[in-house]
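All remarks here apply to the structure that follows.
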Amino acid sequence: MYDLVAIATKISNISQLRQLHAHLVLNSLQSQNYWVSLLLTICTRLHAHPAYAASIFTSSPYPNASVYSCMLKYYSRMGAHDEVVSLFRCMQCLDLRPHPSVYIYLIKLAGKSGNLFHASVLKLGHIDDHFIRNTILDMYAKYGQVDLARKLFEQMPNRTLADWNSMISGCWNSGNEADAVMLFSMMPDRNTISWTAMVTGYAKMRDLETARRYFDEMPEKSVVSWNAMLSAYAQNECAEEALKLFHRMLKEGITPDDTTWVAAISSCSSIGNLSLADSLLAKINQKHVILNNFVKTALLDMHAKFGNLEIARGIFDELGGQRNAVTWNVMISAYTRAGKLSLARELFDNMPKRDVVSWNSMIAGYAQNGESAMSIHLFREMIDCTDIQPDEVTIASVLSACGHIGALKFSCWVLNIVQEKNIKFGISGFNSLIFMYSKCGNVVDAHRIFQNMGTKDVVTFNTLISGFAANGHGKDAIKLLLTMEEEGIEPDHVTYIGVLTACSHAGMLKEGKNIFKSIKAPTVDHYACMVDLLGRAGELDDAKILIESMPMKPHAGVYGSLLNASRIHKRVELGELAANKLLELEPQNPGNYILLSNIYASAGRWEDVRQVREKMRKGGVKKSVGMSWVEYKGQIHNFTVGDRSHEWSKDIYRLLAELERKMKRVGFVTDKSCALRDVEEEEKEEMLGTHSEKLAICFALLVSEVGTPIRVVKNLRICMDCHTAIKMISKLEEREIIVRDNNRFHCFSEGICSCHDYW
């Protein structure tokens, strides 16, 4: 028997354990409680399969407290919460008392429910065991019951260093800096854990300066201490500081562990420096680091961010059955960032278990890659088919998608869900709400949300300023810029783009010039806005002079503004100049060819129109398909020019013909210069009469209540003929019609448009 005990102490794998078990069976010892306890202890150490451990436990006909205690330790180590509770209740029914050390495992496994064992510990007199006492104290401190932890701490006649450390960590968990500092100063002795707790605490409060001071004052540092400071930098967007500290760590001879490598790799990803990434990978290979799942996932994310999708996918496939939700989510996000939505969706659909991050990655991926309808559809599926609760990130993404396609009614349904599920909004959520309302043409509610916000950032101001700009509210945009400066928020280049665009859309030339002069270092985008502003005012020669005086090379936006102004003011020669520059810069952009064609068509130069179209054909440039859509009963209804696929087509075309007759009776004449082909007059009229926005408006008139506003979104710039027609329809039907094209909002009411016929 002594030989078997000696053998048991040397067992290092499951195969050897089974051999020992076989010896016990041969000697008919396998059911004796001493040997069952010993086998279960080895099972715990080797993480044996639960079924095997359970078979050993049941081999004892009358298990005693020792056997139960060993089985409880096994289940605790394996994280089998339900089995632990069931076994403990069974012991209570048999009036068996587990070994005192078992309570340490039970309390740790139970988490915040561990207080249920406190009474048992007191009743059995185990509270004097300083290990058990510290476990209870640590449980209260860790799970937010700091008052109970403090009460227990104050009752202790002899406090261990572990007790002080647990209390300090508990204070930090509850955000109580003052008590944590006081306890730290009162400690009779400190160890590395004490100092590290202070570093971690200040890091949680984002006070990295104080965290670093404690770190630097530490008499001795463990790898955990280094990791605490490294992670603090990495998680608070101080990647360069993190990497400096990492290199210092290596110089001081500290061996990095898995947590160190994850922090270093994540920091390298954030900086986006490929040479740094290569250097880090060389260090990993040089030190022959054995990569665990967390390090591999960090590497996967780094390669994905650098665009090395094949390497990232290789790591993902290599992980195989060891992939966790984080690994899947990182790979899905990598594909969505690269616009590979089908590959991302394939992974999403094949995930063994999705969490809220998985849904957020896919919903945001669709929204950010122009697939807003799919983003909304997937959100609806998440709500209808899963128990996963959306969070602020989910809502921000779906509201962004709603804004892009003008789905105001669906947004209201989303906001009802926010209220039902009590989802709390931070700045990001409120910013997305302002964006959605602004993109749906509802600047009144966008402004209301803005005014009710407590904390605002530069994105908040920029979002509302852009909303004012798109809706032609120039004075409101300038007022917001002044408010921004009064509140000490520094405008950035996006702010000035928004304000200058607002001045342009509102025809505020003088104000726009003053704002442009106030910009310390105007960018090429600001020059583009000024060209647009001057062009709107008819000062095209000044716009040309401004372009020639630019300190940097003009980009397509600059010449695009000049080209559009030339179209409006029928300046063919300037239009040709701008178009030629644009065709050099963007030879594959169909919009430039179309604008030039419009200029030629307006001048009746059909041969030039033909040559432009021929150039498009030879260059393989295809005209973007004009599409308009309108929301009805939570669905988006799409229309293209001459579209007859809609189920309401018969009624739509009947109403369209009726409106055309009404318009002609009051003097409407089709602007045939908007047709890009030299065809018969009757054919031109038919081509223009069935543009997508007219079909969408007719559908909205058929399905909406009389007197309610109509909202239409178009993917291209609205043509002159449709613009004139919609003004007349708004007056004839006594409706407010809001059309958002790819340039701005057009609010038609009583025969007038908010753009004052310049867009």
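Each reported figure results from applying straightforward, stated rules to the coordinates on display, with no laboratory input. As the structure is a prediction and not an experimental result, all values here were calculated from the model. Neighbour counts are summed over all protein chains in view; Cβ atoms, including those assigned to glycine, are modelled from backbone coordinates with ideal geometry.
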Item checked: Residues in region 339-363 reached by a label modelled at Cys385 [backbone nitrogen below 12 Å; 7 Å Cα→Cβ] -> 349-350
Check: In region 440-520, which trypsin sites (Lys or Arg not before Pro) fall in coil by DSSP and have 11 or fewer other Cβ atoms within 10 Å?
Finding: Lys520
Checklist line | the chain: angle of helix 14-26 to the longest principal axis, Cα-based, in degrees nearest 10 | finding: 40
Checklist line | Mean separation of Cα contacts under 8 Å (6+ apart) over length of region 374-588, as relative contact order % | finding: 11
Next item on the list: Treat each spin label as a single point 7 Å out from the Cα along the C-beta direction, and report the Lys517 to Ser31 distance in nm.
Entry: 10.3
Margin query: Nearest 5 percent is fine: what portion of the DSSP beta bridges confined to the chain is antiparallel?
Written below: 80
Check: What FRET efficiency, computed as 1/(1 + (r/R0)^6) with R0 = 30 Å and r the Cβ-Cβ distance, is obtained for Met182 and Asp216, rounded to the nearest 0.05?
Finding: 0.90
Notebook entry, point to check: How far is helix 177-186 tilted, in degrees, relative to the longest principal axis of the Cα atoms in the chain, given as a value from 0 to 90 rounded to the nearest 10?
Noted result: 30
Margin query: Test of the criteria: in region 554-625, which trypsin sites (Lys or Arg not before Pro) are in a DSSP loop and have at most 12 other Cβ atoms within 10 angstrom of their Cβ?
Written below: Lys570, Lys622
Note to self: Suppose we keep just the alpha-carbon trace of region 684-751; what are its Rg and Dmax in angstrom?
What the structure shows: 11.1, 33
Check: 222 nm [θ] for the chain, helices only, -39500 (n - 2.57) per DSSP H run of 4+, per residue, to 500?
Finding: -21000 deg cm²/dmol
Next item on the list: Would you give the gap between the C-alpha center of region 299-363 and the C-alpha center of region 29-89, rounded to a whole Å?
Entry: 39
Next item on the list: Could you tell me which GluC sites (Glu not before Pro) in region 250-351 are loop residues by DSSP with no more than 11 other beta carbons within 10 angstrom of their beta carbon?
Entry: Glu252
Check: Taking Cα atoms, how many degrees apart are the long axis of helix 474-486 and the longest axis of the chain, rounded to 10 and kept between 0 and 90?
Finding: 40
Check: Label points 7 Å out from Cα along the Cβ direction at Thr9 and Ser342: separation in nm?
Finding: 6.5
Next item on the list: For a label point 7 Å from the Cα of Leu281 along Cα→C-beta, name the residues of region 306-333 whose backbone N is under 13 Å from it.
Entry: 306-315
Notebook entry, point to check: Taking the simple approach of a point 7 Å from Cα along Cα-to-Cβ for both Ile417 and Phe294, what is their distance in nm?
Noted result: 3.3
Next item on the list: Give the order of Asp3, Asp179, Asp492 when sorted by the count of other beta carbons within 10 angstrom, beginning with the fewest.
Entry: Asp3, Asp492, Asp179
Next item on the list: Using a 10 Å cut-off on Cβ atoms, rank the peptides 50-60, 287-297, 231-241 from the highest mean neighbour count down.
Entry: 231-241, 50-60, 287-297
Next item on the list: Could you tell me the distance between the Cα centroids of region 131-153 and region 464-514, to the nearest Å?
Entry: 55
Next item on the list: Determine, at each q value in 0.18, 0.22, 0.31 (inverse angstroms), the log₁₀ of I(q)/I(0) that the Debye formula gives when each Cα of region 293-343 is one equal point scatterer.
Entry: -0.45, -0.68, -1.28
Checklist line | Cα-derived Rg over Rh, computed across region 374-588 with Rh taken as Kirkwood radius | finding: 1.06
Margin query: Taking only Cα atoms of the chain, what ratio of Rg to Rh do you get with Rh as the Kirkwood inverse-distance radius?
Written below: 1.09
